[in-house]
Amino acid sequence: LCPKVAPLWAGIMRRWVNAARMGVWTLAWAGAAMAQTLDDPPAAVLKWVPAGLEVLQAQPGDLNGDAYPDVVLALRQPQLAEEADGSAARLLLLLLGQADGQYRLAARNDHVVMCAQCGGMMGDPFSDIRIQRGHFSIEH
């Protein structure tokens, strides 16, 4: 295992073994708190969505440790247009929350979220956005 991953796996296995001894089968990620996805993002977030695109996923969390909610947005073309052209690019926006309740665009990437047909016969490869301990990941 990678030196960065080995301690995490050791913690997972230790918790798994302890749970098995108690007769409870669970798999707990060490210290990982998952925020719920925003089903209906606020207007302060939606103003960053460019015309002609819609929200694929909006994941809130605290990325910079300032206690203001940040949001990672995955954007796509509207569903019907995306089905017609599944190779259309998807955008990722990183929005940092401000004291006044608004958001500031910290980063944009037009390539990290895979297109709907990039998974071939396996279907849309996009799975989730996760925010943990000041980091985010795009899961395909």
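The values are calculated or read from the model by the stated rules, or taken from the named source; none is laboratory data. Here the structure is a predicted model, which means the values were calculated and not measured. When we count neighbours, we look across all protein chains shown, and the Cβ atoms used for this are built from the backbone with ideal geometry, even at glycine. Calculation scope for accessible area: heavy atoms of the full protein, side chains included, ligands and nucleic acids excluded. Shrake-Rupley method; radii C 1.70, N 1.55, O 1.52, S 1.80 Å.
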Label-point separation, Leu46 to Gln117 (7 Å along Cα→Cβ), nm: 3.1 nm
So what are the ³J(HN,Hα) numbers for region 59-65, from phi and the Karplus equation (6.51, -1.76, 1.60; θ = phi - 60°), rounded to whole Hz, Gly and Pro as x? 10, x, x, 10, 8, 10, x
Just read off the accessible area of Ser87 with the full protein assembly in place, 1.4 Å probe, to the nearest 10 Å². 80 Å²
Heavy-atom accessible area with a 1.4 angstrom probe orders Arg130, Arg108, most exposed first, as Arg108, Arg130
Counting only residues 5 or more apart in sequence or on a different chain, those whose built amide H sits under 5 Å from that of Leu63 are Asp70
Which order do Asp128, Asp62 take when ranked by solvent-accessible area (1.4 Å probe, heavy atoms of all protein chains), largest first? Asp62, Asp128
Using a 1.4 angstrom probe with every protein chain in place, what is the largest-first accessible-area order of Met121, Met114? Met121, Met114
